[in-house]
Amino acid sequence: MGDILFLHMSNDPIRAGEIVVYNIKGRSIPIVHRVVEVHQRQATGELDILTKGDNNREDDRTGLLYSPGQLWLQQHHIMGRAVGFLPYVGYFTIIMTDMPILKVCFCCPICSDWFLGIAGHYIKGVENLLGSLNGGLDK
Amino acid sequence: MHSFGQRANAIITFSLTIVAVICSLASFSDNFNTPSPTAEIEVSNFNWFQKQRNGNDEVSLTLNISADLQSLFTWNTKQVFVFLAAEYETPQNALNQISLWDAIIPSKEHAKFWIHTSNKYRFIDQGSNLRGKEYNLTLHWHVMPKTGKMFADKIVKTGYRLPEEYR
């Protein structure tokens, strides 16, 4: 938890082993699971896809993650593939979601001003950093 | 001369920039690794082979899988996800990929293994096409980094064939 996942979507057909993000109609949270089965039609190239979380014993159909009666995902259900990841960085977002009071705090004029200031200072800070490096080389 | 805020800001900026650079370098260093994995896969037995009531063929088999995936691990590797898929073609489907077994390899020490197991996940066709079917067994692996880009590759073993008759 708290990891940031980088997603990428291309039109290449989904293949077994890929980690995909999909949404089921009526469910609020997208699911990030691995593809365990693919069946590709001869004529149309349409895909039937089955997914499963690595740590789950059952696939997502048996685990009742799909809509009732839905046996497979299709390519259009897939929002993206996971291609890389940064650990722990997402904790900031999780903290904001779990403690809404912080969102209010951040939005109040003093704090938001402070945050915008920090952003501006970050940019200035990087410029200073580069400046001092170049300055050091000149001397 | 410099306020506390200015100093704190300078330190935080510097730290975040360094962290971002280190993560990128860590991820980039994985490109210098040239893996040389090996695997042998044998189907030692067909336990049973039936047509289900809904008309789909299902087969249960026992596998011997031996592999050496140690060369996949770098210092930036968190774990390796490995799975074995049966791949075949039918009149209806240009490609069928069915995962039969998988495992998570948490470290280099565990990456050289031999396993004797029946299929972890069910091998069920869309239809009744499996009698006498020729298929490939492909060992796939996905390298999960501590930070950065994920790598995936596979070894394809061909020449397997399912029994002609149900049993």
Is it the case that the range A:52-69 has a residue that's more than 19 Å from B:Ala152 (Cβ to Cβ), in a strand (DSSP E or B) and modelled with pLDDT of 90 or more? no
Among the residues of the range B:53-66, is any within 17 Å of B:Tyr121 (Cα to Cα), surrounded by 15 or more Cβ atoms within 10 Å (Cβ to Cβ) and within 12 Å of the chain's Cα centre (by Cα)? no
Only unsatisfied item for B:Gly127, checking (1) within 10 Å of chain A (Cβ to nearest Cβ); (2) at pLDDT 95 or above, is (2)
Can you name every residue in the range B:29-57 that is closer than 30 Å to A:Leu71 by Cα, of a type in the set (S, T, N, Q) and in contact (Cβ under 8 Å) with a residue 60 or more places away in the chain? B:Asn47, B:Gln50, B:Gln52, B:Asn56
Give the residue that is surrounded by the fewest Cβ atoms within 10 Å (Cβ to Cβ), with candidates limited to residues of the range B:77-90 that are within 7 Å of chain A (Cβ to nearest Cβ) and over 10 Å from B:Leu137 (Cβ atoms). B:Phe81
If we scan the range A:17-26, do we find a residue that is more than 7 Å from every other protein chain (Cβ to nearest Cβ) and without any contact (Cβ under 8 Å) to a residue 24 or more places away in the chain? no
Which of (1) under 26 Å from A:Gln42 (Cβ atoms); (2) at pLDDT below 95 is the odd one out, the single condition B:Leu100 does not satisfy? (2)
Given the condition in contact with a Pro (Cβ under 9 Å, 6 or more places away or on another chain), surrounded by fewer than 12 Cβ atoms within 10 Å (Cβ to Cβ) and not aromatic (Phe, Trp, Tyr), answer yes or no: does some residue in the range A:24-44 qualify? no
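The values are calculated or read from the model by the stated rules, or taken from the named source; none is laboratory data. No experiment lies behind these values; they were computed from the predicted model shown. With ideal geometry, Cβ positions are generated from the backbone for all residues, glycine too; neighbour counts draw on all protein chains shown.
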